[in-house]
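The values are calculated or read from the model by the stated rules, or taken from the named source; none is laboratory data. Only a predicted model underlies this, so the values are computations on that prediction, with no experimental measurement involved. Cβ: placed from backbone, ideal geometry, glycine included. Neighbour counts: every protein chain shown. These area figures cover heavy atoms from the full protein model, side chains too; ligands, DNA and RNA do not enter into them. Shrake-Rupley method; radii C 1.70, N 1.55, O 1.52, S 1.80 Å.
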There are 2 protein chains.
Amino acid sequence: MRVIVAEDQGMLRGALSALLDLEEDIEVVGQAANGEQALDMIQSLKPDLCIMDIEMPKLTGLDVAENIKQNNMACRVVILTTFSRSGYFQRAMKAGVHGYLLKDAPIQELSEALRKVEQGGRAISPELALQFWEAENPLTSKEQDILKLIAQGLSAGEMAKQLFLSSGTIRNYVSEILQKLEAKNRIDAIAIAEKNGWLS
Amino acid sequence: MRVIVAEDQGMLRGALSALLDLEEDIEVVGQAANGEQALDMIQSLKPDLCIMDIEMPKLTGLDVAENIKQNNMACRVVILTTFSRSGYFQRAMKAGVHGYLLKDAPIQELSEALRKVEQGGRAISPELALQFWEAENPLTSKEQDILKLIAQGLSAGEMAKQLFLSSGTIRNYVSEILQKLEAKNRIDAIAIAEKNGWLS
DNA sequence: AATTTCGGATGACAAATGTCATTCTCGGTT
DNA sequence: AACCGAGAATGACATTTGTCATCCGAAATT
């Protein structure tokens, strides 16, 4: 199978590409250091499969996966990421990726996952799916929006202007968020949400 | 040369080990998934060189490097990390590491760095050293202590109790920090300090 | 149809944050 | 010896945060 590797970390990109190329049934036809390069290569080289990091410059791996789906491109995506975050996972599933692996896993799992996906299967750890199901986000979508703005350091007044609400309303949302996350202040809330994958 | 690879990400640890083993003059004699394992292996296997990540469970790579130096062990350390953070770099230099590479670099740089270090040299990118020299931390050591407590979500009152100072003093320190970092609030200050490697 | 629940929205008030002026001590400079 | 600058320390005051009570509308339940 023809494969490209999209990973901004040079060490990992090079190492994975070299190792996968040693496998008889795998040919690494391209390596991308950012999402834009990945998309270009997918369009021009038409690989069967792409190993895709998430957090990359220019376009994220999820941006690319969504683009592939929207344009009905015949390239299967296997996400390979450091972050076991619920938000990333959900977005990846919606984008129709065929695999979702963490970089924590042993290297052997990668080629096994590629073969599984090539044969029409999916390669997603059941433990991951369960972990994300359990860590369900307790916040409403409006509260999640507010939390993102909190994490960007905006004051209640600034958020009020941006969302066309009053400062009192924003402060009430903030208070609700603190109570739901059992956080004692905004900094604590940010840390808890990031740890649980509710901020991305 | 006999080498161990200490890296908590299974994919990278496996891939690097496999590739380095392919080199004629390099033998990977052990792989560690955390700092404690790394230290145990260094003590029992006595490798010539260790490739060491920084952020690992149990003991950090820097903890291990400091231990090696304190106990005069004949194992040279090459740090391999994602984070180009000033604090990590300075601590690594103090611990006497022989190399400091970022995972961004091409895979070829790794084996070149290992050979350089084996021959008694050091493998540290001049660009890195310059970047850290330029991004000098503007905070006094007391302010850095306060910033760490801010990042942990403590209130001024809590910090006051912990440091045996008054709440007014703490608030003044916080204000000084915000002015020096040109931050508009604590959340902003945390983000700026993390970006510049002044929080670790 | 009536009632209940939940999310969205707001402001009063207490608590915390951030700014500013002030004082003190110590080390460096003249 | 005298002076200056920087860091450490503090409290008054203005601003912002966080809590709480309240109201409204829509959807779900009875």
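Could you run the numbers on buried accessible area between A and B, total for both chains, 1.4 angstrom probe, in Å² to the nearest 100?
2200 Å²
Would you mind working out the magnitude of the charge dipole of the stretch A:129-197 relative to its Cα centre, with +1 at each Lys and Arg C-beta and -1 at each Asp and Glu C-beta, to the nearest 20 Debye?
240 debye
For the stretch B:36-103, what does the relative contact order come out to in percent, with C-alpha contacts under 8 Å and a separation of six or more?
Relative contact order here is 33 percent.
Evaluate the relative contact order of the stretch B:83-200 (contact order divided by residue number), counting alpha-carbon pairs under 8 angstrom at least 6 apart; express in whole percent.
30 percent
So what are the ³J(HN,Hα) numbers for the stretch B:156-167, from phi and the Karplus equation (6.51, -1.76, 1.60; θ = phi - 60°), rounded to whole Hz, Gly and Pro as x?
4, x, 5, 5, 4, 4, 5, 9, 6, 10, 8, 4
Over all alpha-carbon pairs in the stretch B:64-124, figure out the percentage whose distance exceeds 16 Å.
Percentage above 16 Å: 43.
Express the accessible area of the protein assembly as shown per residue in Å², computed with a 1.4 Å probe while the remaining protein chains stay in the model.
Details: 19400 Å² over 400 residues.
Counting only protein heavy atoms, the per-residue value for the protein assembly as shown is 48 Å².
Are there chymotrypsin sites (Phe, Trp or Tyr not before Pro) in the stretch B:85-178 that DSSP puts in a loop and that have at most 12 other Cβ atoms within 10 Å, and which ones?
Taking the stretch B:85-178 and a limit of 12 other Cβ atoms within 10 Å, the loop chymotrypsin sites (Phe, Trp or Tyr not before Pro) found are B:Phe164.
Between the helical axis of B:186-195 and the dominant principal axis of chain B, each derived from Cα atoms, what acute angle in degrees is found, rounded to the nearest 10?
On a 0 to 90 degree scale, this one is about 20.
Work out which residues of the stretch A:85-113 lose at minimum 40 square angstrom of accessible surface when the other protein chains are put back, relative to the chain isolated, with a 1.4 angstrom probe, and list them by number.
A:Lys103, A:Asp104, A:Ile107
Using only the Cα atoms of the protein assembly as shown, build the gyration tensor, take square roots of its eigenvalues as a ≥ b ≥ c, and label the shape rounded, prolate or oblate: rounded if a/c is under 1.5, else prolate if a/b is larger than b/c, else oblate. All intermediate terms of the calculation are to be shown ahead of the outcome.
Numbers: a/c = 2.11, a/b = 1.17, b/c = 1.81.
Verdict is oblate for the protein assembly as shown.
Assuming a viscosity of 0.692 mPa s and a temperature of 37 °C, what translational diffusion coefficient in µm² per second does Stokes-Einstein assign to the stretch B:12-53, Rh being the Kirkwood radius over Cα pairs?
305 µm²/s
Given H placed on each backbone N at 1.01 Å, which residues far from A:Leu101 in sequence or on other chains put an amide H within less than 5 Å of it?
A:Ile79, A:Leu80, A:Thr81
Compute the Rg to Rh ratio over chain B from the alpha carbon atoms, using the Kirkwood formula for Rh, and round to two decimal places.
Ratio value, two decimals: 1.06.
If you roll a 1.4 Å probe over the protein assembly as shown with all protein chains in place, what percent of the accessible area is carbon or sulfur?
The value for the protein assembly as shown is 47 percent carbon and sulfur by accessible area.
Return an integer: the convex hull volume of the alpha-carbon atoms of the stretch A:76-167, in Å³ per residue.
113 Å³
With the label 7 angstrom out along Cα to Cβ, how close does B:Asp21 come to the same site in each of the other copies, in nm, nearest first?
Result, one decimal in nm: 2.0.
Using Cα pairs under 8 angstrom and six or more residues apart, how large is the relative contact order of chain B, in percent?
Computed value for chain B: 15 percent relative contact order.
On a full-extension model of 0.36 nm per residue, what is the gain between B:Phe164 and B:Val29, subtracting their alpha-carbon distance, rounded to one decimal in nm?
On the way: separation 135, 0.36 × 135 = 48.60 nm, distance 5.02 nm.
Result for the pair: 43.6 nm of gain on full extension.
By the scheme Lys and Arg +1, Asp and Glu -1, what is the net charge of all other residues having a beta-carbon under 11 Å from that of A:Val28?
Its environment carries a net charge of -1.
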